[in-house]
Number of protein chains: 4
Amino acid sequence: MLSFECDYNVGAHPKLLQRLLETNLVRQSGYGADEYTASAKEKIRAACGDPEADVFFLAGGTQTNQVVIDTCLSSVEGVISADTGHINAHEAGAVEFTGHKIIAIPHDCGKLRAADVEACIETIITDENVDHLVRPGMVYISHPTEYGTLYTKAELTALSSVCRKHGIKLFMDGARLGYGLESSGTDVTLRDVTELCDAFYIGGTKVGALCGEAVVFPRGGAPKYFFTAVKQHGALLAKGRLIGIQFDTLFTDGLYFEISRKAIRAADRMREILKSAGYRFHIETVTNQIFVILTPEEYDTLGRKIKFGFWERLSDGNIVVRFASSWATTDGDVDEFEACIAEM
Amino acid sequence: MLSFECDYNVGAHPKLLQRLLETNLVRQSGYGADEYTASAKEKIRAACGDPEADVFFLAGGTQTNQVVIDTCLSSVEGVISADTGHINAHEAGAVEFTGHKIIAIPHDCGKLRAADVEACIETIITDENVDHLVRPGMVYISHPTEYGTLYTKAELTALSSVCRKHGIKLFMDGARLGYGLESSGTDVTLRDVTELCDAFYIGGTKVGALCGEAVVFPRGGAPKYFFTAVKQHGALLAKGRLIGIQFDTLFTDGLYFEISRKAIRAADRMREILKSAGYRFHIETVTNQIFVILTPEEYDTLGRKIKFGFWERLSDGNIVVRFASSWATTDGDVDEFEACIAEM
Amino acid sequence: MLSFECDYNVGAHPKLLQRLLETNLVRQSGYGADEYTASAKEKIRAACGDPEADVFFLAGGTQTNQVVIDTCLSSVEGVISADTGHINAHEAGAVEFTGHKIIAIPHDCGKLRAADVEACIETIITDENVDHLVRPGMVYISHPTEYGTLYTKAELTALSSVCRKHGIKLFMDGARLGYGLESSGTDVTLRDVTELCDAFYIGGTKVGALCGEAVVFPRGGAPKYFFTAVKQHGALLAKGRLIGIQFDTLFTDGLYFEISRKAIRAADRMREILKSAGYRFHIETVTNQIFVILTPEEYDTLGRKIKFGFWERLSDGNIVVRFASSWATTDGDVDEFEACIAEM
Amino acid sequence: MLSFECDYNVGAHPKLLQRLLETNLVRQSGYGADEYTASAKEKIRAACGDPEADVFFLAGGTQTNQVVIDTCLSSVEGVISADTGHINAHEAGAVEFTGHKIIAIPHDCGKLRAADVEACIETIITDENVDHLVRPGMVYISHPTEYGTLYTKAELTALSSVCRKHGIKLFMDGARLGYGLESSGTDVTLRDVTELCDAFYIGGTKVGALCGEAVVFPRGGAPKYFFTAVKQHGALLAKGRLIGIQFDTLFTDGLYFEISRKAIRAADRMREILKSAGYRFHIETVTNQIFVILTPEEYDTLGRKIKFGFWERLSDGNIVVRFASSWATTDGDVDEFEACIAEM
C-alpha cells in the first residue's frame, strides 16, 4: 500500500549502504576514532562554515536531546520548550530522567515566540522567590517543528538575542533539519543555524541514514568531557564508523541537501494535489509534513488506499492526519498519490 | 598491518549487509514494530528454548547494561560485580549515573565465585545497620569475562542458586556470548544461560553486527514498561529494523554460532602458535581473547608487525598484551600471524 | 511590626520546646529508634483510625514530597499535579531531580478536578504512542491548597475513585493539614484522608513544630525499604527524637487540632474585619490564608503597618497580597490588626 | 544503664535549648534569611579566619555529603574516598543516587594516603581509555575518620597539594570536627582546614546540636546557585533559624571548642582507665572514639553494665567494640565507667 505514514519507514539512501559495503572490511579503531568519522566531521564543519565547531555523532533523536540538554545544564537549570516540543511530549520523560525540568510554554504552530521566551525568563528571574525556582538555562526549539513549520531568520535571530542577553543556551533539534533547509519557504541557512545556536543537531535518521544524528557545538563550545558523558549516557557506539560513514557520504557532494530537496519537491506537489482537490490544511507547512483535515468518511476511504499518520481528532469530529514525504519518496509514489486523491 | 587489536574493528558479516540491502526499501513501522524484528525475536526465543522469553534489541553494550540494571533494580538496590567487571571499570559510571551503587568484590580471573557473592550478601543483610546500606538486588557477570574466561555450568548454577535463595536477579553481560558458547572449553549452552539467568544479552556488536545487542528476559520476566524505559534512557532506535534485520540474519541457519566457532578456531590456532613459540600466557583462556606476557623488547618488535591491545604493565617490567580474533579473522590472517611469530 | 507574612516565622509551640527540654538528657537510640518516635507513631495511627498505617517522620515539605513521590513511582511514571501545585511551582525542580516528570494540568482555585484528572489519564493511556509517554503513576494534591482552598469530601472521594480505577496513587501534601481539618468550611476529617489517600503527610513545620512532617501510608502501604530510601535521599536525621518528641506532643490531648483551630479562629476574625472594611478577596478561603486585592496606594499604606506576603500583580494594576495566621497568632495580634485596618 | 554507645544519643547542649526558648516567638524570615543565621555565619567566618568564606547550614551529615559532592562535581566526575569512608560504607548509596561514582581506595586506619590518592589519579588520567572512565573530581576525607583517627597537618597538606596539582577539590567531612580540633594529639587547626580544603563541614549533630551541619566553602568558593541546589535536594528547612540559632550559640564564646574539649578529656581518661586495666586497643585513637578488643566473655559481662557499640568480629573470635564520649559525658559518667571496669 502507498505509504506516507512517516519519514523513517525505509532503510538508508542506497549510496550510504554502498559505502558501508565498500568499507566493510577495512580495519578501523572503535568509538569514533576511525577515518570516516574524522572525514565526516571535517565536511560538516565546512558545511557549517565553522572550522572550530565541535562535532559528535549519536544514534537517535531522543538520545541526542537527552545528552545535549543534560551536559549543557547544571543540575538546577531547566530547559524552556514549547509545550508541543518533542522533548516535552514524546520522549517518555528522557529529559526529566536526567534531572532537569522542562519549562513548557505555549507554542505558535509549534514555534516559540521570542517575546514569550523573554517573558518566561523575566518572570522567573525577577520572582522574589527565584532561589526556590528552577533556573532557565537553555531554550529548546525544533526546526522544522513537530508541526512542520519553520522559524524565519528574523525569528531565529530574535530567539538567539534573548538567549545571549540572558546568558542562556539556544539548542535546535534538527531531526528534520535537511527538510527545513531545503524548503522553498525558508530564509535560514545552515550557516545561520551555526551562527545563531549554541548547539544543534543535523538529523540523519529521518534524512537518509539508517541511524545517526550529527551534534554540532559551534565555535568549539562542547561541554567539557562531552565524549565521556556520551559514554556515561550509554550513547557511544563501539563501531562509530557506522554513523561516520553515513554522514561522510551524506556530506559528500551535497547529498544531504539534494535528497532533502527531493523530499520537499514531492511534498510541494502533494500539497498542490490536495489543495486542488479541495482538502483543507490544519496548519500551513512548507516542509515534508502535510497536515490535512478529513471527515470521518474521508478518513476511512482514504485510509484504505494510503497509509498516513493519525494526528488528532478535532472537536467537530473531523480528523487531522499527517502525510510525510521523505528522501525515499519517488515521482511514481506521488503519481499514485495523485491518482488516489483523484479517485476519491 | 595485521590487526588483532580488538573484535570490533571491521563492519558487519557480509550476509547482514546483504540482507540490509535486500530489505532496504521495504516500508516497515518504526521503533521495532517491523516484521524483521518480530522474526528475530521468534528465532531467539527458539534458540533459547524459551517460548515465553521477552526479547528486546538495544544498540550497544554499555547502554544495555545501564538500561537492564536500572530497570531491574529499585532505587535503594545496588548490583554486585567483580571489581574488574565492565560496568565497574570501563563504562564511565553509566550505572551510577542512573543512581545505583556497584558493590564491587574481588574476582578470580574475571569471574565471581558463588561463595564470595553469598558472603557479600550475607554480610550486608546481617549487618545491624542494614537499613543504612545499599541492598544487593542483582549480580552482574560477564560471560566470557573481560579476561576471556568462562563460567562452567556448575559455577553458573551455583551463582544462580545463591541469587534465587536471596531473591536477587542474575544478569549476564554477553557482549561476546557467541565466543563463549562456541569455545571448546565450555559446557554451558544458550539454554543453560536462559535457564539460570534472569536477564542476559546476546552480543551482536562484537559478533558479526554493525551494532546491536539482544536482551533476553527468560520466562516473560521483563520489567514493567520496559519499552518505555528504553525510550526514556534514549536507547530506542526509530529504525528498529536496523538491529532486527541483523539479528534475524544472525539467527537464521545458525549463522551466529557458525561465525563464533570460526573465531574460536582462529584463536585456538593462535594460542597453539604462541605456545609453540614459547610465549607465556597471563591468563589461560578458551575464547577469542588471548593474553600474552611480552618483554619490552618483544613488545616493540612484535608491535611493529602486529597491532594488538595493551593490557597492563607487570611489576617486573613485562607487559601483558591482548590478541583478539573475531568472526572476521581469516585463515590467511592466522597464517600471517604464524609467519610473524616465526620471524621473531 | 505586626506580621502576617507567613505561618513559619516563629519557633515552636511552647509545649514542644518544654518537652524537648524535659527529655534532653535521656539517652535514646538514633535514627528514629527512640521511644518518643514510637509513641508519636502510635498516636498518629490512632488519630487516623488506622492501626496498620506506616508512619515516618521527615524534616520538611519539599523533602517529603520528593521522597514520597520518588519512592512510590517507577522510573517511567510521572505525577499529575495542578500547575500551581507546590511541587511544580516552588520546589526548585526537586521532583524532576529524582527523574520524574510532573504532568501539570490546569487548576480550579488551586484544586484538581476529578474529571480533569480522569481526562488527563485517559488521554495518555489511549494515545497510540502511549509507550513513548510518561505514565501517570500518582496524583498529587495539596489540602489546603497553595490558594488556601479545600477539597470537599465529595471532591476527594471522586479523585480517590479515579485513582483507584486506574491503579494510580493519590498523595496529599498536608503541609497545612491542621488548618484544613479545623476549618469551619470543611467536611473532611483525618480519617477521611486516611481512607481516601494512599499517602499523605501531616505538616508540622507550619503547625507548631520547629521542623518535621509526619508521612502516613495508610493500610501498611509504605514502599519497600522506605527507611533506606529516606537515608539515601539524605533525609534521615541522626537525632530522630527531635521530630518524634514534637509530634508526640502535638498528638497528645489533641494539641495539633487545638492550635490549628486557634489559627482558624484568628483567620475567620481577620476575614470578617477585612470584609466589613470593604476589602475584596481574590479567592474565597476558609483556612489560615487570606488573599486580598489592594490598590497600589493601599499596598503602600497598609504595608507600612502590617507585614504581609506579595502574591501577584493583576492586569488592572491592583495587587494580591496574602495574610496568614498561624497557631502563634494571638487575640492581641488580631486586635492590633483590626485597629490597623480601621485606621486606613 | 551507663551508655557510651554513640555521640548522638541525647538532645542538645542546654545553652542551645535555652537560646531556642529565648528567641522562640521573635518573628523572623524563613529559609535561613533570619538574623541568627546571619550572625552564625559571621562567627564561623571569623573562627575560620576567612571573611570571604561561603557558609550554609544543612540538617545532617549524609545530606551534607550528598549535596556538597553533587554540586561540586560535573556528571562525569566521581569522588575518591577511602573504602571505609562514610559515604562509601554507611549512607545507603546517597552519592550514587545523585549519579556519581565513588572511587574507593584502601585506607590506613580510616585515612587516605596522599601517595595512594596521587597514584589513583595518575592511573586514571594516564589510562589510554581515560575517556571511558569516571574522572576524579574530588577527594573525600573525614576528620576525625570513622576510625577515630586524625590527619596530621603534614598529611593534610600533602593531600591538598595533590588535589591542587590535579585541579581536584578536597572535601572534609567534619561530622566530628570539634573532637578532632580539640584532641591533644593534633596539630591541625580550623584555620588549617580552611586553608587546605575546598569544602568542609563543621558537624553540629554530634557536637552539641539537635541537628545541623555548617558547610564552609573557603574563599567564596560555593558552587553557583548552591542555595537553589540545597532546595532541590530537599535539604532546605523553612525554619532555618533552628540551625542558625544553634550554631550562633555554639560559636559564641568558643562553646563549640569548649564542649569538644570536655568530650576529649573524658575520652582521654577512659583510654587511661582501659589501658591500666590491660585492655588492648584495636586502633590507637586520640579523639572521642575508643576501639577496644574484647573476648566474647568480656563482651557479655561488660555489655551487661555498659552500653557500647559493636564494631566487628575478628578472625580469632574476639570482638572490637566502640566506646564514644561526647559533649554530654560527665565526670560522673567516667567515674562510673572506671568503677565498672575495676569490677571486671
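No value in this document is a laboratory result; all are computed from the given coordinates. Everything quoted here is computed from the prediction, not taken from an experiment. Cβ coordinates were reconstructed from backbone atoms using ideal geometry, including for glycine residues, and neighbour counts include every protein chain displayed.
Tabulated data for the structure shown
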| quantity | calculated |
| --- | --- |
| Rounded to 5, percent antiparallel among DSSP beta bridges of chain C | 55 |
| Hz values of 3J(HN,Hα) by residue in the range B:57-74 - Karplus curve (6.51, -1.76, 1.60), Gly and Pro given as x | 10, 10, 7, x, x, 4, 4, 5, 4, 4, 5, 5, 5, 5, 7, 8, 9, 7 |
| Prolate/oblate/rounded label for the range B:157-271 (Cα gyration tensor, a/c 1.5) | oblate |
| Using a 7 Å Cα-to-Cβ projection, D:Ser276 label spacings across copies, nm, ascending | 7.6, 8.1, 11.1 |
| Label-reachable residues, the range A:45-79, where backbone N falls under 17 Å from a point 7 Å from A:Lys153's Cα toward its Cβ | A:48-50 |
| Sparse-neighbour loop sites [GluC sites (Glu not before Pro); the range B:60-137; at most 16 other C-beta within 10 Å; DSSP] | B:Glu128 |
| For the range B:21-56 and the range B:162-206, distance of Cα centres in Å | 21 |
| Gyration tensor verdict on the range A:1-137 (Cα atoms; rounded if a/c is under 1.5, prolate if a/b is larger than b/c, oblate otherwise) | prolate |
| Linear extension gain, A:Asp300 paired with A:Met1, 0.36 nm per residue minus alpha-carbon span | 106.2 nm |
| Innermost chain D residue relative to the axis carrying D onto B, by Cβ distance in angstrom | D:Glu96, 2 |
| Charge dipole magnitude, Cβ of K and R +1, D and E -1 - the range B:63-122, Cα centre, debye nearest 20 | 100 |
| Vicinal HN-Hα couplings computed from phi for the range A:271-285 (Karplus, 6.51 cos²θ - 1.76 cosθ + 1.60; Hz; Gly/Pro x) | 4, 4, 4, 5, 5, 4, 7, x, 6, 9, 9, 6, 9, 7, 10 |
| Label point distance in nm, B:Ser74-D:Ser161, each placed 7 Å from Cα along Cα→Cβ | 4.9 |
| Residue exposure sequence - D:Lys111, D:Lys165 - by fewest surrounding Cβ within 10 Å | D:Lys165, D:Lys111 |
| Amide H contacts under 5 Å for C:Lys169, placed H, 5+ residues apart | C:Met138, C:Val139 |
| Label geometry 7 Å along the beta-carbon vector: D:Pro296 inter-copy distances in nm | 5.5, 8.1, 8.5 |
| With 10 Å bins from 0: P(r) over chain D, alpha-carbon pairs, percent | 6, 25, 32, 24, 11, 2, 0 |
| Dipole in debye (nearest 20) - chain A, about Cα centre, beta carbon charges: Lys, Arg +1; Asp, Glu -1 | 840 |
| Gaussian network model of chain D, Cα within-10 Å springs - most flexible of D:His13, D:His100, D:His233 | D:His233 |
| Choice from D:Gly60, D:Gly332, D:Gly110 with maximal GNM fluctuation in chain D (Cα, 10 Å cutoff) | D:Gly332 |
| Test item: B:196-209 mean partner chain Cβ contacts at 10 Å | 1 |
| Cα-based equivalent ellipsoid, the range B:100-229: semi-axes from gyration tensor eigenvalues, Å | 26, 18, 13 |
| Residues whose placed amide H lies under 5 Å from that of B:Ile283, excluding near-sequence neighbours | B:Phe291 |
| A:Ser142 long-range amide H proximity, modeled H, under 5 Å | A:Asp173 |
| Within a Gaussian network of chain A (alpha carbon springs, distance under 10 Å), most fluctuating of A:Ser260, A:Ser276, A:Ser183 | A:Ser276 |
| Fraction of antiparallel bridges per DSSP, the protein assembly as shown only, in percent to nearest 5 | 55 |
| Ascending list, in nanometres, of distances separating the B:Lys224 label from those of the other copies (7 Å, Cα toward Cβ) | 1.2, 4.0, 4.2 |
| Cβ-based exposure ranking for C:Cys6, C:Cys340, in which fewest neighbours within 10 Å come first | C:Cys340, C:Cys6 |
| Point-to-point label distance, C:Glu128-D:Leu25, nm (Cα→Cβ direction, 7 Å offset) | 6.9 |
| Residue-averaged beta-carbon neighbours from other chains (10 angstrom radius) around A:237-245 | 6 |
| Loop-located trypsin sites (Lys or Arg not before Pro) in the range A:21-83, at most 16 other Cβ atoms within 10 Å (DSSP) | A:Arg27 |
| Point-charge dipole on Cβ atoms (K/R +1, D/E -1) for the protein assembly as shown, about Cα centre, debye to 20 | 0 |
| P(r) of the protein assembly as shown over all Cα-Cα pairs, binned every 10 Å from zero, in whole percent | 2, 8, 15, 20, 20, 16, 11, 6, 2, 0, 0 |
| Shielding by other protein chains, C:84-95, mean Cβ within 10 Å | 6 |
| Gap separating the Cα centres of the range B:78-123 and the range A:286-325, nearest whole Å | 52 |
| Rounded to whole Hz, the Karplus (6.51, -1.76, 1.60) HN-Hα couplings of the range B:140-155, x for glycine and proline | 9, 10, 10, 8, x, 6, 4, 9, x, 8, 10, 6, 7, 4, 5, 5 |
| Helix-only CD estimate at 222 nm, as mean residue ellipticity for chain D, using -39500 (n - 2.57) per DSSP H run (n ≥ 4) | -12000 deg cm²/dmol |
| Too-long pairs where the Cα-Cα distance tops 25 Å, listed order kept, from A:Lys15/A:Lys43; B:Lys224/C:Lys165; B:Lys41/B:Lys206; C:Lys239/D:Lys262; B:Lys111/C:Lys224 | B:Lys111/C:Lys224 |
